[in-house]
Amino acid sequence: MNLNGPLTGRLDDQVKGHPGEEVVITAAHVYRRPVTGGGPWQLFDAATAEGGIPTKNLPGYARLLIGHGARAVDGDDEGTGPTWRLSARITPADLKGVDPVVAGNLDGVGSVASDLWVDGQGRVVRVEQQLHAPDGSAIKNTLTLRDFGDATSVTDPG
């Protein structure tokens, strides 16, 4: 993933209880297909194909949590050395200034319990969200970032 510019990259998306998906993100499109068995790629517009974690603006997300009372506390070693964890409870409306598409994707969610880990180099290495619906149901999102390196070139899959 390239996070220090337009969000692009390749990843495997794992959702508990569902088969994993291979994901390719280019500047214009997001492509998805099952990891096992391959098959045709599903095509989405990159401007609207986001989930609930504002991956395009993780530093802004960290600042949002601090603005909602999060204080840096010692976190676990997330594979990059010691980390600091920020925790706060926010609402989808709070996310509008960080990423309006993500805020819209979370429309209907009552609150978001957010934890974000930052390593000693100032990089976000993990994000966890517990999305709480007004009916009491909850969904957990986790994003783990590792193997930091140079920017990678990403093209449309063949």
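The values are calculated or read from the model by the stated rules, or taken from the named source; none is laboratory data. Predicted, not measured: the structure shown is a model, and the values here were computed from it. Here the Cβ positions follow ideal geometry from the backbone for every residue, glycine too, while neighbour counts run over all protein chains shown. With ligands, DNA and RNA removed, areas are computed over all heavy atoms of the protein, side chains included. Shrake-Rupley method; radii C 1.70, N 1.55, O 1.52, S 1.80 Å.
In the range 13-54, a dipole from Cβ-located charges (positive for Lys and Arg, negative for Asp and Glu) runs towards its positive end, and of ILE53, GLY39, THR26 it is GLY39 whose Cα lies farthest in that direction.
Under a model in which nothing but the beta-carbon of Lys, Arg (+1) and Asp, Glu (-1) is charged, the range 1-81 shows a dipole of about 260 debye around its Cα centre.
Specify the residue with the greatest mean-square fluctuation among THR36, THR83, THR144, computed from a Gaussian network of the chain linking alpha-carbon atoms under 10 Å apart. In the Gaussian network model the winner is THR36. Mean residue ellipticity, 222 nm, helices only, the chain: the sum of -39500 (n - 2.57) across DSSP H runs of n ≥ 4, divided by residue count and rounded to 500, is -2500 deg cm²/dmol.
Highest GNM mean-square fluctuation among PRO92, PRO19, PRO100, for the chain modelled with Cα contacts below 10 Å: PRO19. Would you check the accessible area of TYR31, probe 1.4 Å, heavy atoms only, in square angstrom rounded to 10? TYR31 exposes around 30 Å² with every protein chain in place. Heavy-atom accessible area with a 1.4 Å probe sorts TRP41, TRP84, TRP117, largest first, into TRP84, TRP41, TRP117.
Here's how it looks for THR8: its modeled amide H is under 5 Å from those of ASN2, which are all 5 or more places away or on a different chain. The stretch between GLN130 and ASP74, if pulled fully straight at 0.36 nm per residue, gains 18.1 nm over its current Cα-Cα span. Couplings 3J(HN,Hα) of the range 58-74, computed from phi: 5, x, x, 5, 4, 4, 4, 4, 4, x, 9, x, 5, 10, 5, 10, 4 Hz, in residue order, whole Hz [Karplus 6.51 cos²θ - 1.76 cosθ + 1.60, θ = phi - 60°; x for Gly and Pro]. Taking other residues whose beta carbon is less than 12 angstrom from the beta carbon of GLY39, and scoring Lys, Arg as +1 and Asp, Glu as -1, yields 0. Think of each Lys and Arg Cβ as +1 and each Asp and Glu Cβ as -1; about the Cα centre, that makes the dipole of the chain roughly 240 debye.
Considering only GLY136, GLY110, GLY67, the Gaussian network model of the chain with Cα springs below 10 Å gives its largest mean-square fluctuation to GLY136. If I model the range 23-158 as equal point scatterers sitting on the Cα atoms and use the Debye formula, what is log10 I(q)/I(0) at q = 0.09, 0.12, 0.18, 0.20 Å⁻¹? Taking Cα atoms of the range 23-158 as identical point scatterers yields -0.31, -0.55, -1.11, -1.24.
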